[in-house]
1. To the nearest 10 degrees, how steeply does helix 102-114 sit against the main Cα axis of the chain, on a 0 to 90 scale?
2. Hey, what did the chain get for relative contact order, percent, Cα under 8 Å, at least 6 apart?
3. Which translational diffusion coefficient, to the nearest whole µm²/s, is obtained for the chain from the Stokes-Einstein equation, given a Kirkwood hydrodynamic radius over C-alpha pairs, 25 °C and 0.890 mPa s?
4. With a cut-off of 8 Å between alpha carbons and a minimum separation of six or more residues, what is the relative contact order of region 35-100 in percent?
5. To the nearest 20 debye, what charge dipole does the chain have about its Cα centre, counting +1 at the Cβ of each Lys and Arg and -1 at the Cβ of each Asp and Glu?
6. Which value, in Å³ per residue, describes the convex hull spanned by the Cα atoms of region 68-128?
7. Given a Förster radius of 22 Å and the C-beta distance between Thr30 and Met1 as r, what FRET efficiency does 1/(1 + (r/R0)^6) yield to the nearest 0.05?
8. Pairing the Cα long axis of helix 68-84 with the longest principal axis of the chain, what angle in degrees results, from 0 to 90 and rounded to the nearest 10?
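The values are calculated or read from the model by the stated rules, or taken from the named source; none is laboratory data. Quick caveat: nothing in here was measured; it's all calculated off a predicted structure. Glycine gets a Cβ as well: all are built from the backbone with ideal geometry, and neighbour counts include every protein chain shown. For accessibility, only protein heavy atoms count, side chains too; no ligands or nucleic acids. Shrake-Rupley method; radii C 1.70, N 1.55, O 1.52, S 1.80 Å.
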Amino acid sequence: MEVGPLPEVSASFPEAELIRWEGKAIVPGTVNAHNHSFQSLLRGIAIDKPFLEWRDQALYRYTPLLDEEAIYTGALLAFGEMIRYGVTTVSDFFYVHNGSTAYDEAVIQAAKDVGIRLVFARTMYDWN
């Protein structure tokens, strides 16, 4: 990588394609600080319901039916959309476990496949 006057840099890389971005801004990627990637598969289910009804009718009803492939697919969809719109890092509050780390590893693999930086965040509940 080089920085300098256009004629000099172009001479250093004669095979490079020049793309002009006049009127464009180059900005750093954004961070999605709170995400549940697998829930991308639950879109449209009970969306007209208040949160607790949605939780019971969509989240709690369908999440137990998700397998490792579905978890991967949901994460792939979520992360792909994020990359498309400028998110480069995501903090995923992933809490679906099946007695092993296979589901976690599916989310990690989806992040690797898309090329997004992933941070797993712990989800805690205090029902009292």
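1. Rounded to the nearest ten degrees, it is 20.
2. 27 percent
3. Reported coefficient: 141 µm²/s.
4. The value is 52 percent.
5. 360 debye
6. So the per-residue Cα hull volume is 89 Å³.
7. Computed FRET efficiency for Thr30 and Met1: 0.40.
8. Helix 68-84 sits roughly 40 degrees off the main axis of the chain.
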